[in-house]
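Have a look at the structure below, then the notes.
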Amino acid sequence: MDPHLLQSVLDAVSLPALAVGPDEKIAAANADALSLLGQGIVTRNYVTMLRQPMLLDSIESTLRDTSPRETRYLGHDGDHDTTYRVTCRAAGDSGCVIVCFDDVTALEQASQMRRDFVANVSHELRTPLTALMGFIETLQGPARDDTAAQTRFLGIMQSEAARMNRLVGDLLSLSRVESDQRVRPTTQISLLDVLSSTVHALQPVAQKAKVTLVFDPPDHVPTMIADADQLRQVFTNLIENAIKYGGEDNTVQVTLAAADRDPALRAAGVRVDVTDHGPGIDPAHLPRLTERFYRIDNHRSREMGGTGLGLAIVKHIIHRHRGRMRVTSDLGQGATFSVILPLVP
Ligand SMILES: Nc1ncnc2c1ncn2[C@@H]1O[C@H](COP(=O)(O)OP(=O)(O)OP(=O)(O)O)[C@@H](O)[C@H]1O
Ligand SMILES: [Mg+2]
């Protein structure tokens with residue numbers, strides 16, 4: 001095959017691509033293939049240059065019988081691994097095999113995330129379900145005539161069932177928030193009203209936890225375009241966390257301020273800070289905090305009935321409003337969760 005023509009065709013391919021000749025040498029490669037596989041590969045034997053056995057097998061077989069083949073190639077890009085779907089196809093009756101590398105890392109990651117998510121959900125549901133099944137067995141057997149035990153077990157069963165109910169509720173609201181991620185909110189709302197009513201609704205929760213919840217509303221806050229129900233959910237999650245993790249006899253402070261030009265948004269925006277004086281968060285955990293089911297202290301969070309989905313929901317809602325969330329915290333220093341929202345998303 002004319003080497004110039006071969007080279008120009010490979011140069012026009014938008015993926016890393018190379019050609020292996022009938023003499024088993026790499027006849028040509030485009031620039032993307034050279035940066036993926038090494039600059040000196042052309043004219044060398046493909047077996048010494050490509051090395052990964054699955055890829056070598058495919059090329060060898062296609063050279064022999066000209067049938068197309070597909071395989072995987074594991075690459076390395078800076079500090080992360082990449083996965084390529086590789087196709088080997090015979091180029092007419094030239095005896096050459098054209099090898100193309102398609103980067104499928106993002107796809108693989110997405111399907112890995114989906115698998116992890118299903119595994120996590122199953123695990124989260126199985127724990128309370130196992131407890132329920134255990135208690136049902138006990139109530140049918142050993143505790144059949146023990147009214148005191150029955151009352152106690154039914155109480156536990158109720159709280160386990162409530163946890164499952166919360167988990168399903170949170171999963172549904174996560175999927176709802178995700179599905180309207182691309183739809184911008186359209187209603188004019190008063191953030192001051194939303195925040196005041198949220199704080200008001202949480203006062204009993206704070207009292208029960210022996211926490212003082214303070215909100216000093218500013219005199220004037222401009223109205224904004226937002227989804228009031230979703231923002232109520234954001235502030236409920238953040239204030240509930242501050243109450244839960246801030247601990248007894250502490251204060252949780254909520255502040256609201258508007259700025260003509262917020263530095264994080266480079267536009268007019270409002271900023272809500274929720275501050276607690278609890279144990280704080282090790283900065284090492286901060287980047288992962290909004291991942292689904294991520295909890296710093298699994299046991300403690302579960303004990304408090306947490307599903308580990310609160311901040312994931314918060315993140316999606318803020319994202320839909322084109323806002324930002326900032327967390328400032330250190331061990332022993334309490335934590336401040338800041339939500340910065342543009343007046344017009
Ligand atoms: N104010 C805070 N102080 C210390 N740790 C916090 C604070 N807020 C959140 N965290 C940590 O972040 C984790 C994730 O929070 P998130 O709200 O997503 O889940 P959760 O509170 O465990 O459960 P859920 O909110 O779904 O009931 C918590 O388990 C906790 O470890
Ligand atoms: Mg929470």
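What follows is calculated from the coordinates using simple rules that are stated; it is not laboratory data. These figures come from a predicted structure and were not determined experimentally. Note that we place each Cβ from the backbone using ideal geometry, even for glycine, and neighbour counts take in every protein chain shown.
With both residues required to sit in segment 203-345, DSSP beta bridges show an antiparallel share near 85%. Going by neighbour counts of Cβ atoms within 10 Å, the residues VAL270, VAL118 line up, fewest first, as VAL118, VAL270.
The shape of the chain can be summarised by an equivalent ellipsoid whose semi-axes, obtained from the alpha carbon gyration tensor, come to 55, 30, 17 Å from longest to shortest.
Here the spin labels are modelled as points 7 Å beyond Cα on the Cα-Cβ line, and at ARG288 and THR147 they lie 5.0 nm apart. Remark: relative contact order (the chain) = 11 percent; criterion is Cα-Cα distance under 8 angstrom and separation of 6 or more residues.
Using only Cα coordinates, the Kirkwood hydrodynamic radius of segment 119-209 works out to 17.0 Å.
By other beta-carbon atoms within 10 Å, ranking HIS4, HIS321 with the fewest at the front produces HIS4, HIS321.
Gaussian network model of the chain, Cα springs within a sub-10 Å range: biggest mean-square fluctuation belongs to which of ARG89, ARG176, ARG295? Sorting by GNM fluctuation, first place goes to ARG89. The stretch between THR127 and ASN298 holds 60.3 nm of extra length on full extension. This uses 0.36 nm per residue minus the Cα-Cα distance. What FRET efficiency, computed as 1/(1 + (r/R0)^6) with R0 = 22 Å and r the Cβ-Cβ distance, is obtained for LEU56 and ASP102, rounded to the nearest 0.05? Computed FRET efficiency for LEU56 and ASP102: 0.75. Normalised by the number of residues in segment 11-78, the mean separation of alpha-carbon contacts (under 8 Å, six or more apart) gives a relative contact order of 22 percent. Placing R0 at 30 angstrom, the Cβ-Cβ distance between SER179 and ASP260 gives a FRET efficiency of 0.35 after rounding to 0.05. With R₀ fixed at 25 Å, the C-beta to C-beta distance from VAL118 to LEU139 puts the FRET efficiency at about 0.20. Given +1 at the Cβ of Lys and Arg, -1 at the Cβ of Asp and Glu and no other charges, the dipole of the chain around its Cα centre is 560 debye to the nearest 20. A Gaussian network model of the chain, with springs between Cα atoms under 10 Å, assigns the largest mean-square fluctuation among GLN109, GLN181, GLN230 to GLN109. Here is how the number arises for the chain: DSSP H runs of 4 or more residues each give -39500 (n - 2.57), the sum is divided by the residue count, and the result at 222 nm is -15000 deg cm²/dmol. With Cα atoms as the point set, segment 11-150 shows a radius of gyration and Dmax of 26.6, 86 Å. Considering only beta bridges that DSSP places wholly inside the chain, some 90 percent are antiparallel. Note on the chain: dipole from Cβ charges, positive end direction compared against PHE117, THR71, HIS316; the farthest Cα belongs to HIS316. Cβ-to-Cβ counts within 10 Å put MET325, MET113, MET164 in ascending order as MET113, MET164, MET325, the fewest first. Mean sequence separation of contacting Cα pairs (under 8 Å, at least six apart), scaled by the length of segment 9-160, corresponds to a relative contact order of 16 percent. A Cβ-based charge dipole, computed about the Cα centre of segment 210-345 with Lys and Arg at +1 and Asp and Glu at -1, lands at about 560 debye.
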